[in-house]
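Only one structure is covered here, and it is reproduced in the block below.
Nothing in this text is a laboratory measurement; each read-out follows from the coordinates by a stated rule. Remember, it's a predicted structure, so these values are computed and weren't measured experimentally. Ideal geometry is used to build each Cβ from the backbone, glycine not excepted, and the neighbour counts take in all protein chains shown.
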Amino acid sequence: MAERAALEELVRLQGERVRGLKQQKASAEQIEEEVAKLLKLKAQLGPDEGKQKFVLKTPKGTRDYSPRQMAIREKVFDVIISCFKRHGAEVIDTPVFELKETLTGKYGEDSKLIYDLKDQGGELLSLRYDLTVPFARYLAMNKLTNIKRYHIAKVYRRDNPAMTRGRYREFYQCDFDIAGQFDPMIPDAECLKIMCEILSSLQIGDFLVKVNDRRILDGMFAICGVPDSKFRTICSSVDKLDKVSWEEVKNEMVGEKGLTPEVADHIGDYVQQHGGVSLVEQLLQDPKLSQNKQALEGLEDLKLLFEYLTLFGIADKISFDLSLARGLDYYTGVIYEAVLLQTPVRPGEEPLGVGSVAAGGRYDGLALEEKVRTTETQVLVASAQKRLLEERLKLVSELWDAGIKAELLYKKNPKLLNQLQYCEEAGIPLVAIIGEQELKDGVIKLRSVASREEVDVRREDLVEEIKRRTSPALCIC
Amino acid sequence: MVVREKILDMVVGCFKRHGAKRLDTPAFELKEMLTEKYGEDSGLIYDLKDQGGELLSLRYDLTVPFARYLAMNKVKKMKRYHVGKVWRRESPTIVQGRYREFCQCDFDIAGQFDPMIPDAECLKIMCEILSGLQLGDFIIKVNDRRILDGMFAVCGVPESKFHAICSSIDKLDKISWKDVRHEIVAKKGLAPEVADRIGDYVQCHGGVSLIEQMFQDPRLSQNKQALDGLGDLRLLFEYLTLFGIAEKISFDLSLARGLDYYTGVIYEAVLLQTPAQAQESFNVGSVAAGGRYDKLVGMFDPKGHKVPCVGLSIGVERIFSIVEQRMKTFGQKIRTTETQVFVATPQKNFIHERLKLIAELWDAGIKAELLYKNNPKLLTQLHYCEDMGIPLVVIIGEQEMKEGIIKLRSVASREEVAIKRENLVAEIQKRLSES
């Protein structure tokens with residue numbers, strides 16, 4: 001009895017905690033967690049008849065995509081995929097799980113974020129963490145050396161999700177890779193061309209692609225006097241320059257990471273620079289940097305890259321930015337990152353980057369203003385009177401057989417007004433109305449939902465008329 | 001992949017034509033969501049390791065997640081399709097086309113509607129897809145859970161054995177009645193007379209006349225459940241006739257279907273083989289299936305509110321196998337890219353010109369490629385086009401530059417013609433739209 005009383009007290013306290021969080025408007029995630037705890041406690045009190053013991057939700061860090069979200073997602077993917085295809089890429093797909101050993105040792109510290117499958121007596125498996133390691137496994141398995149491929153699929157990371165900031169445990173990656181030994185910088189230039197084509201087509205605003213090179217960074221650190229052992233950690237400080245000021249970054253490098261102020265200042269001279277091909281030329285002349293073989297290689301490659309980007313007509317969207325340092329673990333040469341630009345608050349100032357937009361990154365930052373249809377239905381088959389279900393079924397079947405996207409209400413005797421309202425809500429442009437008089441006359445009333453104009457169309461001409469009205473070149477609904 | 005894409009496009013195109021919205025759910029669900037939904041098949045679910053957080057399992061189908069979505073979002077009516085992977089821990093036999101990870105294409109209609117109209121639309125969709133994919137002749141078997149249960153009852157099967165007997169009956173599409181009868185008598189303990197009575201029914205299949213016949217059956221017509229089922233099937237056949245597909249539908253009393261959650265009409269499409277195919281063991285079982293499941297959403301809803309549902313699932317993996325096999329048999333070449341034009345040059349040091357030209361083509365929306373070599377040989381470039389099935393080549397060289405023209409070459413016919421640089425894009429688009 002005492003045990004039960006203690007348990008009930010815990011339930012009461014937990015309930016108060018949840019209420020408190022809700023009042024304070026704590027994060028949805030936190031509230032969810034505490035609610036789950038509450039339910040677990042309640043369940044211990046004893047099962048209630050008919051009440052379920054679990055919370056109805058998707059797993060932490062995952063979500064359903066509603067039809068509206070799917071419609072947006074499809075539009076975005078269509079743009080991206082058609083661009084990849086335009087550039088002659090093949091598509092592959094790989095399983096959602098790999099042998100655990102395939103993924104082991106590939107992700108460094110991040111390995112603890114991998115989802116493992118339970119050992120159920122077969123092979124030990126893990127959910128893929130990205131699309132790059134599966135790609136490497138695919139190449140090795142099939143003994144391929146040259147391929148241009150894209151892969152759009154979900155990946156899984158047991159991260160600490162911050163869903164309000166768009167970080168999930170299940171999310172899409174959209175990878176495009178060119179594998180193979182080729183003449184320098186041509187494939188690289190094509191990748192940048194693809195990024196620009198996609199970001200332009202998506203019409204999400206002005207953007208800029210920052211470009212740098214790992215060899216230039218390493219060379220720069222070397223000639224500035226950064227000890228080898230500190231390269232990576234200084235890199236991650238420099239990386240923050242897109243979010244915080246140079247003063248703050250310098251303080252971190254000196255105060256927390258043990259660089260001397262002079263070395264930090266040297267770095268500062270370089271990393272605050274960005275520009276076009278003229279900056280590349282300038283640095284090739286730089287007395288210190290031009291002494292470093294690594295840096296020179298990087299600069300020469302960037303010079304060639306800019307030549308090609310100019311021919312591709314996109315050089316004005318590209319900025320050689322010495323503070324770009326992301327993802328250095330994987331890369332050995334050129335690195336790039338596209339950011340959306342915000343128009344400056346004060347005239348004459350440079351536009352601010354507001355976050356990187358990597359292919360396959362966030363799509364949910366998009367806000368389309370136009371009404372998003374979740375279906376593509378072109379015609380609703382309706383009836384004006386009762387007892388016309390048979391006629392509706394026959395007519396809708398004719399339309400489907402002719403390849404027209406059509407629907408009907410699942411009611412034997414629906415009211416005309418309800419059917420018309422349904423069209424307006426779902427964005428269906430045309431209604432084919434069957435009526436007793438019209439049946440006798442051998443016609444169907446074809447109504448435009450937008451204009452409300454109705455016209456009688458002979459039954460045998462209906463399919464053609466609908467096709468004419470809904471053809472993409474001439475949409476006159 | 002290209003074959004898959006074409007097939008999926010066709011399937012999705014049909015779903016869209018019928019006004020369905022698309023949905024997507026996570027690859028895994030809370031383990032407890034999937035518990036007790038799949039009956040005997042529960043042992044085939046992939047669990048994720050307990051890593052200190054929620055207990056999770058990979059989804060086994062797309063239907064249970066759909067029911068969970070409906071309950072979670074308190075949706076009463078929805079017509080949705082979902083194309084996605086599901087995972088099952090069964091031992092795969094590649095010939096039969098049943099893998100551990102496979103793609104399903106589901107279409108479902110949730111909501112309380114006037115009877116059998118949505119059910120009829122599901123069958124219409126199945127027919128449209130299977131016809132459109134040109135896989136050959138097919139038939140859709142139809143039955144009803146209530147008819148099965150009613151039939152077992154009037155034959156004298158003890159209720160506790162319903163399930164076990166059902167799964168034996170289900171094997172009638174693969175093994176003979178003699179073998180099934182043996183199984184239910186010897187292994188499942190049914191009296192021989194009872195087995196024989198069952199045999200009288202389950203070997204029946206036919207059209208709407210069989211339904212009428214069953215209505216008159218002295219035993220079956222005494223059973224209310226069976227009568228409900230027969231009544232619905234009769235109405236269904238009326239609508240299927242109006243939809244023009246009744247001759248593809250067979251009322252088959254041996255159809256039993258695995259999953260626990262069906263409550264009414266059930267159906268399964270099978271391809272009809274030619275004798276030649278049967279020899280090459282093309283038999284891949286059913287290619288699409290589904291049914292009505294009115295109680296599933298209620299299992300998720302906190303207050304037990306029901307949302308009746310009916311739906312279908314297209315077994316695309318089996319279809320991929322069949323189509324791929326067929327393409328191999330007929331030696332059909334499959335292109336893996338959609339590139340329309342290749343930018344080539346016979347000259348050295350022409351990389352700049354090629355890059356400029358290809359950017360023009362891309363900007364005009366033309367699918368184009370070039371080799372990533374500064375100085376490729378013309379023959380290498382032309383071979384590449386032939387290998388990849390690229391239909392057109394634009395060739396640029398010093399002579400052409402002087403004259404302000406580009407050579408446009410058809411890979412198939414090898415005919416070349418000179419086009420003025422400024423007319424090139426238009427000429428290419430004209431040729432592509434004509435082909």
Put in order of increasing Cβ neighbours within 10 Å, starting from the fewest, B:Thr329, A:Thr233 give B:Thr329, A:Thr233
Protection proxy (average C-beta count within 10 Å per residue), highest first, orders A:84-96, A:175-187, B:73-85 as A:84-96, B:73-85, A:175-187
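Given the pairs B:Lys178/B:Lys248; B:Lys85/B:Lys174; A:Lys243/B:Lys21, which span a C-alpha to C-alpha distance of over 30 angstrom in this model? Intermediate values should be presented prior to the final figure.
Working: B:Lys178/B:Lys248 27 Å; B:Lys85/B:Lys174 27 Å; A:Lys243/B:Lys21 40 Å.
Over 30 Å apart, Cα to Cα: A:Lys243/B:Lys21.
Say R0 is 51 Å: what FRET efficiency, to the nearest 0.05, do B:Glu398 and B:Phe330 get from their beta-carbon distance?
Details: r = 45 Å, r/R0 = 0.88.
Approximately 0.70, to the nearest 0.05.
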With x for Gly and Pro, the residue-by-residue ³J(HN,Hα) of segment A:452-458, computed from phi through the Karplus equation 6.51 cos²θ - 1.76 cosθ + 1.60 at θ = phi - 60° and given in whole Hz, is 6, 6, 10, 9, 7, 10, 4
Each residue of B:48-54 has, on average, a number of other protein chain C-beta atoms within 10 Å of its C-beta equal to 6
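What relative contact order, as a whole-number percentage, does chain B give when Cα pairs under 8 Å and 6 or more residues apart are counted? Intermediate values should be presented prior to the final figure.
Details: 705 pairs, mean separation 68.6, N = 435.
That works out to 16 percent.
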Rounded to a whole number, the mean other protein chain Cβ count within 10 angstrom for residues of B:363-375 is 4
Out of A:Gln203, A:Gly435, A:Leu324 - ranked by how far each Cα lies towards the positive end of the dipole of the protein assembly as shown, with unit charges on the beta-carbon of charged residues - the top one is A:Gly435
Stretched fully, the stretch from B:Asn73 through B:Lys373 gains (0.36 nm per residue minus C-alpha distance, one decimal, in nm) 102.5 nm
Nearest-0.05 FRET efficiency for B:Asp173 and A:Gln385 at R0 = 30 Å, using Cβ-Cβ distance, is 0.10
Each label sits 7 Å from Cα toward the beta-carbon; between B:Glu427 and A:Asp265 the label points are separated, in nm, by 6.4 nm
Most exposed first, judged by fewest Cβ atoms within 10 angstrom, B:His305, B:His205 run B:His305, B:His205
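Take every Cα pair under 8 Å in segment B:192-348 that's 6+ residues apart, average their separations, divide by the length, and report that relative contact order as a whole percent. Could the numbers behind the result be given before it?
On the way: 143 pairs, mean separation 24.4, N = 157.
Once normalised by length, the contact order is 16 percent.
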Computed over chain A: longest principal axis from alpha-carbon atoms vs helix A:416-426 long axis, angle to nearest 10 degrees, is 10 degrees
In this structure, among A:Lys210/B:Lys6; A:Lys85/A:Lys293; A:Lys210/A:Lys230, pairs with alpha-carbon gaps over 31 Å are A:Lys210/B:Lys6; A:Lys85/A:Lys293
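Given a Förster distance of 51 angstrom, what is the FRET efficiency for A:Phe77 paired with A:Asp228, based on the Cβ-Cβ distance and rounded to 0.05? Let's see the in-between values first.
Details: r = 43 Å, r/R0 = 0.85.
The pair A:Phe77/A:Asp228 has a calculated efficiency of 0.75.
Work out which helices of chain B, taken as complete DSSP H runs, extend at least 20 Å along their axis over the Cα atoms and score a mean Kyte-Doolittle of -1.0 or more, then list them. It would help to have the intermediate numbers written out before the result.
Working: long enough: B:2-17 (22 Å, 0.51); B:117-132 (22 Å, 0.79); B:224-242 (28 Å, 0.32).
The answer, listed by residue number, is B:2-17, B:117-132, B:224-242.
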By the C-alpha gyration tensor axes a ≥ b ≥ c (rounded if a/c is under 1.5, else prolate when a/b exceeds b/c, else oblate), the shape of segment B:1-330 is rounded
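Let a ≥ b ≥ c be the square roots of the eigenvalues of the Cα gyration tensor of chain A; is it rounded (a/c under 1.5), or, if not, prolate (a/b larger than b/c) or oblate? Before the final figure, lay out each step's value.
Values: a/c = 2.28, a/b = 1.44, b/c = 1.58.
Judged from the Cα gyration tensor, chain A comes out oblate (a/c at least 1.5, b/c at or above a/b).
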Note on chain A: contact order normalised by length, alpha-carbon pairs under 8 Å, 6 or more apart, percent, works out to 11 percent
Computed for segment B:204-248: size of charge dipole around the Cα centre, +1 on C-beta of each Lys and Arg, -1 on C-beta of each Asp and Glu, debye to nearest 20, value 100 debye
In the structure shown, of B:Lys31/B:Lys77; A:Lys317/B:Lys377; B:Lys49/B:Lys306; A:Lys415/B:Lys303; B:Lys161/B:Lys224; A:Lys60/A:Lys112, the pairs separated by more than 23 angstrom at the C-alpha atoms are B:Lys31/B:Lys77; A:Lys317/B:Lys377; B:Lys49/B:Lys306; A:Lys415/B:Lys303
Nearest 10, in degrees from 0 to 90: the angle of helix A:293-311 to the longest Cα principal axis of chain A is 40 degrees
Summing -39500 (n - 2.57) over every DSSP H run of at least 4 residues in the protein assembly as shown and dividing by its residue count gives a helix-only mean residue ellipticity at 222 nm, to the nearest 500 deg cm²/dmol, of -12500 deg cm²/dmol
Measuring from the longest principal axis of the C-alpha atoms of chain A, the long axis of helix A:2-23 (C-alpha) lies at a number of degrees, nearest 10, equal to 90 degrees
Expressed as a whole number, the average count of other chain Cβ atoms within 10 Å around the Cβ atoms of B:331-340 is 3
For A:117-126, B:289-298, ranked highest to lowest by mean beta-carbon neighbours within 10 Å, the order is B:289-298, A:117-126
Residues of segment A:420-442 with backbone N under 17 Å of the label point set 7 Å from the Cα of A:Arg459 along Cα→Cβ are A:432-442
